[in-house]
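What follows is a set of notes on a single structure, which appears directly below.
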Amino acid sequence: MASTESASARRGGTRFARPIFIGIVAVAALAFVASLALPLLVSTDAAKDRLEEAVSNWLGARVTIDGAAELSLLPDLRLTLANVRLEGRDGQWSADCPLLSASLDPASIIGGDFAPEYFSISNPDIRLAAMTGDENGSEPPLHRAQRELARLFRRQLSIRGGTVTLEHAESGANSGHERDPAFVEDAPGQVTYAPQIMALNATFKADENGENAQLDGRFDYAGERFELALGVSDAEALTGKRPGTLAFELASPSIGITFNGRIMGKKADRVDGSLTVSSNDIARLVGAGESPAAIKTLRLSGEGIFSLQALEFDRATLDVDGNIADGRLSLHAMSNRPSAEGTLAFDSLDLSAFEPAISGLLEDTGQASRPLSALLGTFDLDLRLSAANVKMRSAVLGRSALALLMKEGNLTIDVSEAGVAEGTGRAHLRLTPASGSPDLYSLEANAELMNATPVASFAIPLLPRGGRASMSIQARSRGETAALLRRKLTASIRFEFSGNGVEALDLDREIAALGNPAFTGPNSTGGTPLVRLEISGRKRGENLEIDAIDAETERLSISAHGTLSRSDGALSLQGTARPLPTEPTEDGADKVSTAASPPKTPFKVEGTLAEPAFLPN
């Protein structure tokens, strides 16, 4: 009985094991036959044409396969193509790929249909043509890029070890190639471009319906490693077919960009959201090398509507080396003529660190030697700046407001308000191309300071102290560079000091000593009170020509003229001092003794502004 049951069990096990064994053998045989047959499917010219057509449909590009095709089963079903050239249908990009592989759906092999699930491209040489896309009604570059990006998100794609080269579409001798660091002219008429982006690694992925699209990548550019992340809620939002949101981050040692918002417009060409751009190393960002940059750190953040054509900040915060301003800002960087427009208000503006760079703009080297037409003719500005106080190395200004307008090569600067030494200052400067000569510029400037308090800390005897001061300057110049404008500048200057408490050098004592060499009056520890002091002059080259100095003390009326060297403060003045009319006192004596003050005392002043010497003339 037991043996009967055992035999029955063996027959049942055999009944189930036999189909399993047959199935394993069949699969193995099929795999063996497929391993022999599948390579034949992709090795013929007809299959190669079919592959080119299939890859073209997958990637939306013209495809040429110059190398071998290989189909492997393990570890997955994968098609590998060698020496593949991809080219955009609009001719604006191409990629030479030593290896392109695609992971296939096994079921797609039936009937010769190769349906890819995942693409991998190794060491592609990608070339992009820089075209404006606006001529002859062609599609703008942004729309092309968005369409191509949405297409790439439809396929799972990875790129490893790629390079990207931007090639200009212009041709001819005046195409601007000489200004492109990636351009090399091997021979006259032969153009070669060096790759700008190296070691490109990127991964495109999205859900089957195109949602949750994500691009992650890294690459080397200008000697820096960049990390990039782009997320789109729906790939079709990039073409305007569906609503969606966007999140973008780009980071390198010298710059960081964070961008988030809602995609807007029928062509998905705007984003309503927030943008932050920051740099902790401006010198490295602009390629200053070892040269110190005037600005060390920069951060711009805010909310608004942004596109490649314009960054429109409704609310912006600008931080330049700790100087923080709030306001509105509009930047157009990608247009043919970049521009910036807006209003920014600083609580406090410290310009101390920038003064050497500002002074350098007028020196004979560097930017001051560049043609003004090149500096002013490349972009436009319309900015209004204000600050509760402005700090400089030699002065502190109170509330100040400035308007800067640069348009089509014309520059206008208006200082409508500047608190200077408890007074108020105003200034206007206009720089315009001269008629008939676009490289020659004319400068007109004027400035005035009213009711200021002279600085008492100057250790210069001839400078007045106390009272109130007013000043006006009018200047003109012509030249092709800022350095030439400075050298050819002519200016008229007028100072006026008035009010109680104005003091300068002890003029009464100095003049009395000139008129009477035996004068031995008491030494003065202060200065002579001035009733009035007016100075007018002109800048001529490196000297100030002083046309007139008119001063009045309680005893004397003094007039003088001469020159003052701007380089070392050397003085050369000639003048005359006359006693004021005397007023008799009650006892019949004169209020002013004329013994020490002859009717007319000619004099001259030599030495320097810091150490003047009064001499008989």
What is the one condition in (1) modelled with pLDDT under 90; (2) surrounded by 17 or more Cβ atoms within 10 Å (Cβ to Cβ); (3) over 21 Å from SER492 (Cβ atoms) that LEU544 does not satisfy? (3)
Just name the residue that is modelled with the lowest pLDDT out of those in the range 197-230 that are closer than 18 Å to LEU152 by Cα and of a type in the set (A, V, I, L, M). ALA206
Going through (1) at pLDDT 80 or above; (2) open to solvent by 70 Å² or more (accessible area, probe 1.4 Å); (3) touching a Phe, Trp or Tyr at 6+ places or on another chain (Cβ under 9 Å) one by one, ARG468 fails only at (1)
When only residues in the range 421-433 that are at pLDDT 85 or above and over 28 Å from the mean Cα position of the chain (by Cα) count, which is farthest from GLY377 (Cα to Cα)? THR424
Among the residues of the range 219-236, is any loosely packed, with under 15 Cβ neighbours inside 10 Å and more than 24 Å from the chain's Cα centre (by Cα)? no
ALA560 vs. criteria under 49 Å from the mean Cα position of the chain (by Cα), at pLDDT 75 or above, among the small types (Gly, Ala, Ser) and within 19 Å of ALA469 (Cβ to Cβ): no
Here the residues within the range 326-346 that are in contact (Cβ under 8 Å) with a residue 24 or more places away in the chain and either within 10 Å of ARG384 (Cα to Cα) or touching a strand residue (DSSP E or B) at 6+ places or on another chain (Cβ under 9 Å) (or both) are LEU329, ARG337, PRO338, SER339, ALA340, GLU341, GLY342, THR343, LEU344, ALA345, PHE346
So, in the range 39-61, of the ones that are exposed (fewer than 15 other Cβ atoms within 10 Å of the Cβ) and modelled with pLDDT of 70 or more, which residue ends up farthest from the chain's Cα centre (by Cα)? ASP49
Subset of the range 64-114 [loosely packed, with under 13 Cβ neighbours inside 10 Å, of a type outside the set (Val, Ile, Thr) and modelled with pLDDT under 80]: LEU73, LEU74, PRO75, ASP76, ARG89, GLY91, ASP105, PRO106, ALA107, GLY111, ASP113
What is the one condition in (1) in contact with a strand residue (DSSP E or B) (Cβ under 8 Å, 6 or more places away or on another chain); (2) closer than 14 Å to LEU149 by Cβ; (3) modelled with pLDDT under 90 that ASP186 does not satisfy? (2)
Residue match in the range 475-488 (condition: under 53 Å from the mean Cα position of the chain (by Cα), surrounded by fewer than 17 Cβ atoms within 10 Å (Cβ to Cβ), among the β-branched types (Val, Ile, Thr) and at pLDDT 85 or above): no
Output the qualifying pairs, or none if there are none: Cβ atoms under 6 angstrom, residues six or more apart or on different chains, first residue in the range 137-158 and open to solvent by less than 40 Å² (accessible area, probe 1.4 Å), second residue modelled with pLDDT of 80 or more and in a strand (DSSP E or B). PHE153/PHE204; PHE153/ALA213; LEU157/PHE119; LEU157/PHE204; SER158/SER120; SER158/THR203
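The values are calculated or read from the model by the stated rules, or taken from the named source; none is laboratory data. What you see is a predicted model; the values in this text were computed from it and never measured. Neighbour counts are summed over all protein chains in view; Cβ atoms, including those assigned to glycine, are modelled from backbone coordinates with ideal geometry. Quick note on the areas: whole protein, heavy atoms, side chains included, nothing else; ligands and nucleic acids left out. Shrake-Rupley method; radii C 1.70, N 1.55, O 1.52, S 1.80 Å.
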